[in-house]
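Scroll down for the structure; my scribbles are underneath it.
The values are calculated or read from the model by the stated rules, or taken from the named source; none is laboratory data. As the structure is a prediction and not an experimental result, all values here were calculated from the model. Quick reminder, even Gly has a Cβ in these numbers, built from the backbone with ideal geometry, and neighbours come from all protein chains shown.
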Amino acid sequence: MTIASDHIDFYLVGIGNSPKPKVSIDIQNLIDKHNIFSGGKRHYDLVKDLLPKDHNWIEISGSMTELIDKYQSFEESILIFASGDPLFYGFGNTLKRLLPNARLKTFPYFNSIQLLCHRTQTNYNDLKVTSVHGRDWSALYQALIKDEPLIGVLTDQHKNPATIAKKMIQYGFDHYEMLVGENLEGLTEKIVTGSLQDLSKLDFSALNCVLLKRKQPKARSFGLNDHDFIPLDGRPNMITKMAVRLNTLQACELSEAKVFWDIGSCTGSVAIEAKRHYPHLQITAIEKRKVCGGIIQSNMERFSTPGIDIVIDDFFNLDMRQLTIPDVVFIGGHGNRLAEMIRLIYNLNNETKFVTNAVLSSTSQVFKDTLSSINRSIRSSKLKIDDHNEIEILSA
């Protein structure tokens with residue numbers, strides 16, 4: 001049992017973007033009792049008239065380690081101003097991560113996505129919030145692949161509404177409309193609504209957030225038709241067929257995995273099918289043929305599956321330290337060095353799950369012998385499609 005202490009190390013007060021923010025009597029009383037305050041430069045410009053005359057302000061900028069050292073140099077509690085809800089992609093989470101034992105008390109305000117919903121009279125019961133502010137695209141890509149009906153996006157200077165619109169057009173997510181809230185609650189507040197094509201050409205204020213409203217669900221099949229993929233030129237059969245692909249993914253058991261490698265990706269069919277079914281996965285498609293880089297990218301765009309990392313190089317030339325260690329690996333190509341490939345990956349993570357599709361009995365035997373030697377149990381199933389060779393799907 002944890003016994004609460006009366007002492008609070010940090011008070012976190014959320015504010016909006018109004019030039020003269022209004023605070024409750026309780027918060028003003030709290031401000032009057034403090035001498036040490038903190039927040040960003042913009043926050044200080046908004047609240048300085050509310051602070052005691054002889055106050056001490058610690059700006060949140062630069063090194064977080066140095067900032068925490070400043071905080072810890074004081075014995076009295078510190079009142080921190082933050083945008084909106086401090087625990088909604090906010091500084092409160094940073095503080096909890098860097099000072100996990102600190103005692104916090106939070107006074108939240110509306111976050112920017114909520115304000116945009118209010119301004120546009122949007123029912124946000126089904127809202128899925130993502131952030132690309134200082135982050136990669138993965139959370140937004142995941143929401144788009146899942147075809148979420150309403151997506152909120154926190155942006156930054158580089159991943160701005162126009163850039164987001166261009167990405168969505170590139171990957172075929174044009175069944176969404178975009179709403180942009182600029183400088184919400186500020187003197188120059190503006191709401192911009194329109195098609196992705198129109199908004200991709202506009203410039204926006206740096207302080208903005210985005211709502212993506214799905215106009216209609218995207219048509220979706222359980223598996224992708226083989227003939228819809230762009231093939232390797234002159235090699236139309238160089239693709240893992242849909243029935244084999246789906247059974248292979250079943251053998252991979254990817255629902256709890258985080259990182260998946262598709263080695264010998266060729267057209268990217270396995271990686272793309274995996275991304276569609278498991279959008280949370282961090283997927284790397286590895287292929288040594290240079291021409292396949294463009295083919296995989298084109299197929300990603302064709303099937304609306306952004307977020308797959310494409311590595312064009314011979315697997316055995318790669319610096320493994322530059323790649324994220326996988327939970328599951330599908331080996332679609334190995335250049336007759338299957339045992340060596342398995343051992344290299346096993347040395348990275350001895351809990352990696354291995355899956356391959358074997359046409360030749362010799363490939364099957366090497367897979368079984370190599371993985372049995374490290375005490376792995378082998379599962380096997382066989383599949384034959386039309387007049388193609390029988391394929392053995394192996395997992396360990």
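Kindly establish whether Ile58 is modelled with pLDDT of 95 or more, closer than 28 Å to Asn208 by Cα and surrounded by 10 or more Cβ atoms within 10 Å (Cβ to Cβ). Outline the logic, then answer.
Values: modelled with pLDDT of 95 or more: yes; closer than 28 Å to Asn208 by Cα: yes; surrounded by 10 or more Cβ atoms within 10 Å (Cβ to Cβ): yes.
Taking the combined requirement at face value, the residue satisfies it.
Looking at (1) within 30 Å of Leu115 (Cβ to Cβ); (2) under 23 Å from the mean Cα position of the chain (by Cα); (3) of a type in the set (A, V, I, L, M, F, W, C); (4) surrounded by 13 or more Cβ atoms within 10 Å (Cβ to Cβ), which one does Ala206 not meet, given that it meets all the others?
It is condition (4) that Ala206 fails.
What residue, of Tyr171, Tyr89, Tyr141, is closer than 30 Å to Asn35 by Cα and either buried (at least 19 other Cβ atoms within 10 Å of the Cβ) or among the aromatic types (Phe, Trp, Tyr) (or both)? Explain how you work it out, then say what you get.
Details: Tyr171 fails: closer than 30 Å to Asn35 by Cα; Tyr141 fails: closer than 30 Å to Asn35 by Cα.
So the residue among Tyr171, Tyr89, Tyr141 that is closer than 30 Å to Asn35 by Cα and either buried (at least 19 other Cβ atoms within 10 Å of the Cβ) or among the aromatic types (Phe, Trp, Tyr) (or both) is Tyr89.
Among the charged types (D, E, K, R), touching a residue at least 12 places away in the same chain (Cβ under 8 Å) and surrounded by 20 or more Cβ atoms within 10 Å (Cβ to Cβ): does that describe Asp314? Explain how you work it out, then say what you get.
Values: among the charged types (D, E, K, R): yes; touching a residue at least 12 places away in the same chain (Cβ under 8 Å): yes; surrounded by 20 or more Cβ atoms within 10 Å (Cβ to Cβ): no.
In short, no.
Only one of Arg302, Arg220 is surrounded by fewer than 23 Cβ atoms within 10 Å (Cβ to Cβ), at pLDDT 95 or above and either under 15 Å from Ile145 (Cβ atoms) or in contact with a Cys (Cβ under 6 Å, 6 or more places away or on another chain) (or both); which? Can you show your working first?
Working: Arg220 fails: at pLDDT 95 or above.
Answer to the selection: Arg302.
Taking region 230-251, which residues are assigned to a helix (DSSP H, G or I) and either in contact (Cβ under 8 Å) with a residue 12 or more places away in the chain or under 17 Å from Gly333 (Cβ atoms) (or both)?
Here is the first cut: in region 230-251, the ones assigned to a helix (DSSP H, G or I) are 242-251.
Selection gives Met242, Ala243, Val244, Arg245, Leu246, Asn247, Thr248, Leu249, Ala251.
What number of residues within region 159-193 satisfy the criterion of being modelled with pLDDT of 95 or more, in contact with a Pro (Cβ under 7 Å, 6 or more places away or on another chain) and over 21 Å from Asp136 (Cα atoms)?
Of the residues in region 159-193, 0 are modelled with pLDDT of 95 or more, in contact with a Pro (Cβ under 7 Å, 6 or more places away or on another chain) and over 21 Å from Asp136 (Cα atoms).
Do we have any residue at all in region 119-132 that's in contact with a Leu (Cβ under 6 Å, 6 or more places away or on another chain), under 22 Å from Tyr171 (Cα atoms) and surrounded by fewer than 18 Cβ atoms within 10 Å (Cβ to Cβ)?
Taking region 119-132 as the starting set, the residues that turn out to be in contact with a Leu (Cβ under 6 Å, 6 or more places away or on another chain) are 120, 126-127, 130-132.
Checking which are under 22 Å from Tyr171 (Cα atoms) leaves us with 127, 130-132.
Now restrict to residues that are surrounded by fewer than 18 Cβ atoms within 10 Å (Cβ to Cβ): 127.
Within region 119-132 (the criterion being in contact with a Leu (Cβ under 6 Å, 6 or more places away or on another chain), under 22 Å from Tyr171 (Cα atoms) and surrounded by fewer than 18 Cβ atoms within 10 Å (Cβ to Cβ)), the answer is yes, since at least one residue qualifies.
Can we say Thr163 is β-branched (Val, Ile, Thr) and surrounded by fewer than 19 Cβ atoms within 10 Å (Cβ to Cβ)? Break it down stepwise before answering.
Working: β-branched (Val, Ile, Thr): yes; surrounded by fewer than 19 Cβ atoms within 10 Å (Cβ to Cβ): yes.
The answer is yes for Thr163.
Say whether the condition of being in a loop (DSSP other than H, G, I, E, B), touching a His at 6+ places or on another chain (Cβ under 9 Å) and more than 13 Å from Val13 (Cα to Cα) is met by at least one residue in region 35-48.
Looking only at region 35-48, we keep the residues that are in a loop (DSSP other than H, G, I, E, B), and these are 35, 40.
With touching a His at 6+ places or on another chain (Cβ under 9 Å) added as a condition, the list becomes 35.
Now restrict to residues that are more than 13 Å from Val13 (Cα to Cα): 35.
Yes; the residues of region 35-48 include at least one that is in a loop (DSSP other than H, G, I, E, B), touching a His at 6+ places or on another chain (Cβ under 9 Å) and more than 13 Å from Val13 (Cα to Cα).
Residues in region 306-351 that are aliphatic (A, V, I, L, M) and either assigned to a strand (DSSP E or B) or touching an Asp or Glu at 6+ places or on another chain (Cβ under 7 Å) (or both): how many?
Filtering region 306-351 down to residues aliphatic (A, V, I, L, M) leaves 308, 310-312, 318, 320, 323, 325, 328-329, 331, 338-339, 341-342, 344-345, 348.
Filter again for either assigned to a strand (DSSP E or B) or touching an Asp or Glu at 6+ places or on another chain (Cβ under 7 Å) (or both), leaving 308, 310-312, 328-329, 331.
Residues flagged as aliphatic (A, V, I, L, M) and either assigned to a strand (DSSP E or B) or touching an Asp or Glu at 6+ places or on another chain (Cβ under 7 Å) (or both) within region 306-351 amount to 7.
Restricting to region 373-396, name every residue that is more than 36 Å from the chain's Cα centre (by Cα) and either closer than 27 Å to Asn237 by Cβ or in contact (Cβ under 8 Å) with a residue 24 or more places away in the chain (or both). Show your work before the answer.
Pass one, region 373-396, residues more than 36 Å from the chain's Cα centre (by Cα): 373, 384-390.
Residues satisfying the conditions are Lys384, Ile385, Asp386, Asp387, His388, Asn389, Glu390.
Consider only pairs whose beta carbons are under 7 Å apart and that are at least six residues apart or on different chains; among these, list those whose first residue lies in region 348-367 and is closer than 24 Å to Ala243 by Cα and of a type in the set (Phe, Trp, Tyr) and whose second residue is modelled with pLDDT of 95 or more and in a helix (DSSP H, G or I).
Phe354/Ile342; Phe354/Leu371; Phe367/Leu338
Met341: surrounded by fewer than 18 Cβ atoms within 10 Å (Cβ to Cβ) and closer than 14 Å to Trp261 by Cα, yes or no?
Values: surrounded by fewer than 18 Cβ atoms within 10 Å (Cβ to Cβ): no; closer than 14 Å to Trp261 by Cα: yes.
So Met341 fails the test.
Residues that are over 30 Å from Arg42 (Cα atoms), of a type outside the set (Gly, Ala, Ser) and within 24 Å of the chain's Cα centre (by Cα): does region 221-240 have at least one? Give the derivation first.
Of the residues in region 221-240, the ones over 30 Å from Arg42 (Cα atoms) are 221-240.
Keeping just the survivors that are of a type outside the set (Gly, Ala, Ser) gives 222, 224-233, 235-240.
With within 24 Å of the chain's Cα centre (by Cα) added as a condition, the list becomes 222, 224.
Among the residues of region 221-240, at least one is over 30 Å from Arg42 (Cα atoms), of a type outside the set (Gly, Ala, Ser) and within 24 Å of the chain's Cα centre (by Cα), which makes the answer yes.
Could you grab the pairs with beta carbons closer than 9 Å, sequence gap of 6+ or different chains, first residue in region 291-307 and of a type in the set (Lys, Arg), second one in a helix (DSSP H, G or I) and crowded, with 21+ Cβ neighbours inside 10 Å?
From residues that are of a type in the set (Lys, Arg), the pairs are Arg302/Ile272.
Quick one: how many residues across region 293-305 are under 18 Å from His280 (Cβ atoms) and assigned to a helix (DSSP H, G or I)? Walk me through it before giving the result.
Taking region 293-305 first, the residues under 18 Å from His280 (Cβ atoms) are 300, 303-305.
From what's left, assigned to a helix (DSSP H, G or I): 300.
Matching residues across region 293-305 total 1.
Within region 72-86, does at least one residue satisfy the condition of being within 28 Å of the chain's Cα centre (by Cα), of a type outside the set (Gly, Ala, Ser) and surrounded by fewer than 19 Cβ atoms within 10 Å (Cβ to Cβ)? Outline the logic, then answer.
First, pick out the residues of region 72-86 that are within 28 Å of the chain's Cα centre (by Cα): 81-86.
Okay, now just the ones that are also of a type outside the set (Gly, Ala, Ser), so 81, 85-86.
Then drop every residue that is not surrounded by fewer than 19 Cβ atoms within 10 Å (Cβ to Cβ), which leaves none.
No, because not a single residue in region 72-86 is within 28 Å of the chain's Cα centre (by Cα), of a type outside the set (Gly, Ala, Ser) and surrounded by fewer than 19 Cβ atoms within 10 Å (Cβ to Cβ).
Can you report the number of residues in region 344-383 which are of a type in the set (Ser, Thr, Tyr) and surrounded by 14 or more Cβ atoms within 10 Å (Cβ to Cβ)? Break it down into steps so the answer makes sense when it comes.
Of the residues in region 344-383, the ones of a type in the set (Ser, Thr, Tyr) are 346, 352, 356, 361-364, 370, 372-373, 377, 380-381.
Among the residues that remain, those that are also surrounded by 14 or more Cβ atoms within 10 Å (Cβ to Cβ) are: 346, 352, 356, 363-364, 370, 380.
Number of matching residues: 7.
Which pairs do you get when a residue that is outside the structural domain of Leu46 (by TED's automatic domain parsing) and in contact (Cβ under 8 Å) with a residue 60 or more places away in the chain, found in region 182-204, comes within reach of a residue that is in a loop (DSSP other than H, G, I, E, B) and small (Gly, Ala, Ser), reach meaning Cβ atoms under 8 angstrom, with the pair 6+ apart or on two chains?
Pairs that qualify, where the first residue is outside the structural domain of Leu46 (by TED's automatic domain parsing) and in contact (Cβ under 8 Å) with a residue 60 or more places away in the chain and the partner is in a loop (DSSP other than H, G, I, E, B) and small (Gly, Ala, Ser), are Asn183/Ser205; Leu184/Gly16; Glu185/Gly16; Glu185/Ser18; Gly186/Ser18.
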